[in-house]
1. In segment 433-452, which residues are under 27 Å from the mean Cα position of the chain (by Cα), polar (S, T, N, Q) and loosely packed, with under 15 Cβ neighbours inside 10 Å?
2. Output the residues belonging to segment 81-101 that are in a helix (DSSP H, G or I) and without any contact (Cβ under 8 Å) to a residue 40 or more places away in the chain.
3. With respect to ALA69, determine if the residue is assigned to a loop (DSSP other than H, G, I, E, B), among the small types (Gly, Ala, Ser) and over 29 Å from LEU366 (Cβ atoms).
4. Can you name the residue in segment 102-146 that is of a type in the set (A, V, I, L, M, F, W, C) and outside any helix (DSSP H, G or I) and is also surrounded by the fewest Cβ atoms within 10 Å (Cβ to Cβ) among such residues?
5. I'd like the full set of residues that are buried (at least 17 other Cβ atoms within 10 Å of the Cβ) and modelled with pLDDT under 85, limited to segment 286-325.
6. Taking only segment 63-98 into account, find how many residues are buried (at least 17 other Cβ atoms within 10 Å of the Cβ) and closer than 16 Å to ILE39 by Cα.
7. Between a first residue in segment 593-606 that is within 13 Å of ALA582 (Cβ to Cβ) and a second residue that is outside any helix (DSSP H, G or I), which pairs have beta carbons less than 7 Å apart while being 6 or more apart in sequence or on different chains?
Amino acid sequence: MNSLQNIAISAAAGSGKTYTLTNRFIYLLHAFEQPERIIALTFTRTAAGEFFHKIIEKLCDAAEDSAEAEKLSKELVITADCARYHHLLHLLINSMHKLNLQTLDSFFFRVVSSFALELGLSGSLKLLDESSESRMRNEVRDSIVHRPGELTTELKEFWHAFKQATYGQEARSIEKVVSEFIEQLYALYLNTPAADRWGHTATIWPQGCPWQTSVAPDWEELANKLLAALPDNLSKAQVNDFNSAASAIRNYGSNEKLNTLLNNALAVASDILAGQATIKVRKEIQLSSALCNALADCLRAIVWHHLKRALENTQGVHRILQAYHDNYDRIVRRPGRLAFADLTHLLAPESAGSPMGEVDPMTRQLMDFRLDGQFDHWLFDEFQDTSRPQWEVVANLIDEIVQDDSGERSFFYVGDTKQCLYLWRNSDDRLFHDIQTRYNASGANRIEQHPLSMSWRSATPILDAVNEVFEDDALIAETFSADAAARWARAWQTHEASPATIDSSGFSCWIEAQKNDSPTRNELILKLLKDLNPIERGMSVGVLVRKNADANEVADYLRENCLLPIHTGSAIKPAVDNAAGAALLALLNLAAHPSDSHAHGYLNLI
């Protein structure tokens, strides 16, 4: 680190992402001695706390031990002794109240709080906890579902939208259905609010929908035309199959059931629409032109029957989300009660109805200027989990950093695009490389990429197994798609063992156990544990499964069939299985966070 560069670290699992980030922070602290000018952002409080802890730990070790000081100085490519690291530790501790090691959400809340008036918010801002957020959602939902007084035009429109959105579905409570729409689709609405993007054929098929029919299908006529087009050379069994298909078509408007022939026809629908197809009706037969046309009309009517309903459902869902959005903005967001998702919505210029998209350019420029003046160095952890709207919030600020040639400002981000976990919050792993491409397009190497593929966690046999599976582009393409395989290949780096783990022993194998196999999955796990003999060898063993229910099942089986101490991580909830422990935890939570309404309410009940 002998020169200040903008760096993107593409890091594999176990390669030392946190280690690299903490080294970068200490290097900046040594170079500029302004910890308050450094901002490090991650996605969880735990990660932010770990980041701070590791920095303090490294500085303490280097301040006390000359060997550790020499080692750290060598890694940072600086000249520093124990006294220097003691000074940096003292500086950091004295600046703790000014440090900016935090989650992305907490940073966004700070920004929103600083510019509340510019964003059109009134009153003191309050970040909603999970229980309060759920209560507010229900309040807004009820404001559009249950309205006293006359049947207003707005309410009539809501009921029409609800009927559209739920047509053809099993009847359920209105509140439950609307709540599901809100929970599952409101984030999507914020990213794509335009009505023409929700269930409109012109947007989905700019060249025209190949299945769309101009009039409602006459099922009786379609069935008769299909039978009239049958050739004379069919066997009796084949004719019976076509008669069964015609009967299904006649009744399709009411029961929507297909026979085997129609299902086979749908499998080769593109060929039938093209006028030349072979389908299986007892045996493979080549369809005549007339039969192709008649069958194509039937398939077109069947598919459009479902597409039309789906399009109308989608349009209805959009209208419900629009009503919810308008009322949520009025009842919750504008008065200053904010959920985490609202923070990005308020600050991202492209978000639906975001004030940042409406403020005049001078106001936005002033806001960016004030923020830009606070920080000289930006560090991002787990960058692959960043969404496009989140990036839009800080894009102008990072642009100032990257374009700065003074050598006194920097941008540093770390991530592994193979571990994108926040898709439920619209994270986009492609952003990691898109940023590099944008700033390096002119040939200027404004952001350098430093790959980290050496694992400090796993032994060579484990890494060999990982490489063998995930380097098989052909298998990935066959299992998923060619595009997915190409995208994976761009992100993949061959994993190799570090000097600390290269001589470690290890073992890997792939055992596929079906439910009805003998031995079963649980029996195989037990056998492997007995072979490992972890107690005598001083080992701890982790057994990973996909679901909590599976974990409980495996744990119960092992407890019944071996003497090993078994702990189920998903079920460990210390102190909350009794009233006294729960009360103590509530008291501690309230002491740490006086605004914790859940803890306050629980203690009031005692």
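The values are calculated or read from the model by the stated rules, or taken from the named source; none is laboratory data. Everything quoted here is computed from the prediction, not taken from an experiment. Ideal geometry is used to build each Cβ from the backbone, glycine not excepted, and the neighbour counts take in all protein chains shown.
1. Hits for segment 433-452 are THR437, GLN449.
2. Those that are in a helix (DSSP H, G or I) and without any contact (Cβ under 8 Å) to a residue 40 or more places away in the chain: CYS82, ALA83, TYR85, HIS86, HIS87, LEU89, HIS90, ILE93, ASN94, MET96, HIS97.
3. no
4. By that ranking, first place goes to LEU117.
5. Listed by number, the list holds a single entry, LEU287.
6. 1
7. Close Cβ pairs (under 7 Å, with a partner that is outside any helix (DSSP H, G or I)) amount to HIS598/ASP129.
Here's the yes/no breakdown for (1) more than 31 Å from the chain's Cα centre (by Cα); (2) part of a helix (DSSP H, G or I); (3) under 30 Å from HIS433 (Cα atoms):
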| site | (1), (2), (3) |
| --- | --- |
| SER504 | yes, no, no |
| GLU512 | no, no, no |
| LEU524 | yes, yes, no |
| LYS527 | yes, yes, no |
| MET539 | yes, no, no |
| ASP550 | no, yes, no |
| ASP556 | yes, yes, no |
